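The values are calculated or read from the model by the stated rules, or taken from the named source; none is laboratory data. What you are looking at is a predicted structure, and each value in this text was computed from that prediction instead of being measured. FYI the Cβ positions are ideal-geometry reconstructions off the backbone, even for glycines, and counts take in every protein chain you see. Accessible surface areas use protein heavy atoms only, side chains included; no ligands, DNA or RNA. Shrake-Rupley method; radii C 1.70, N 1.55, O 1.52, S 1.80 Å.
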Amino acid sequence: MSQTSSEFIAAKIAILTVSDRRTEADDTSGQYLQEAVQETGHQVVARALVKDNIYQIRAQVSAWIASDDVQAVLINGGTGFTSGDNTPEALLPLFDREVEGFGELFRMVSYEEIGTATIQSRALAGIANQTVIFAMPGSTRACRTAWERIIEEQLDARHRPCNFLPHLKK
């Protein structure tokens, strides 16, 4: 299959918020991602909120990786440097391949907005069982930066010269 398509192809996306403080009622970052995904034409097939616990994160993401109904996972939260930020440690063992460029590019574009504070972001991405997983900081602003500046194009089959759609479950 070619790397690009002449028409939009909707991806099936799951959204996970990792937080010890947020609830579904005040999860503005998860809500932003859901709205942005839907406005683009993709389908939100699942959404969850888990505590910042390695095993709760890993369990939820593992279930989505195993599902035929999920092609991409967007995770917000748990990517900082406090002892309670566990998203990278939860995800790295699950990846078949890490997408190193996502974290690098996120920090580059984030630098334009928050300066050197971006060095404390441990944003990361990877592929597991033909599912692409993007993990970004939990602030709504960071989610907007990640979606609008990186992820939206990479989940668009029309984006040239390449995008992730050919690598995902059919």
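Here are a few things to note about the model shown:
- The criterion of being buried (at least 19 other Cβ atoms within 10 Å of the Cβ), touching a strand residue (DSSP E or B) at 6+ places or on another chain (Cβ under 8 Å) and modelled with pLDDT of 95 or more holds for Phe102.
- Residue list for region 38-65, filter: touching a residue at least 40 places away in the same chain (Cβ under 8 Å) and either assigned to a loop (DSSP other than H, G, I, E, B) or under 15 Å from Thr140 (Cβ atoms) (or both): His42
- Scanning region 152-170 for residues that are touching a helix residue (DSSP H, G or I) at 6+ places or on another chain (Cβ under 8 Å) and among the aliphatic types (A, V, I, L, M) yields Leu155, Ala157.
- Only residues that are among the hydrophobic types (A, V, I, L, M, F, W, C), under 17 Å from Glu148 (Cα atoms) and loosely packed, with under 15 Cβ neighbours inside 10 Å were counted in region 110-128, giving 0.
- Test: residue in region 72-93 that is more than 27 Å from Glu24 (Cβ to Cβ), free of Cβ contacts under 8 Å to residues at least 60 places away in the same chain and more than 15 Å from the chain's Cα centre (by Cα): yes
- Meets criteria (exposed (fewer than 15 other Cβ atoms within 10 Å of the Cβ), modelled with pLDDT of 95 or more, small (Gly, Ala, Ser) and farther than 28 Å from Ala117 by Cα) for Ala59: yes
- Residue match in region 142-157 (condition: among the aliphatic types (A, V, I, L, M), closer than 22 Å to Val70 by Cα and touching a Gly at 6+ places or on another chain (Cβ under 6 Å)): no
- For region 34-56, taking the residues that are within 24 Å of Glu7 (Cβ to Cβ) and not polar (S, T, N, Q), the one that is surrounded by the most Cβ atoms within 10 Å (Cβ to Cβ) is identified as Val37.
- Looking across region 143-170, not a single residue is polar (S, T, N, Q) and open to solvent by 90 Å² or more (accessible area, probe 1.4 Å).
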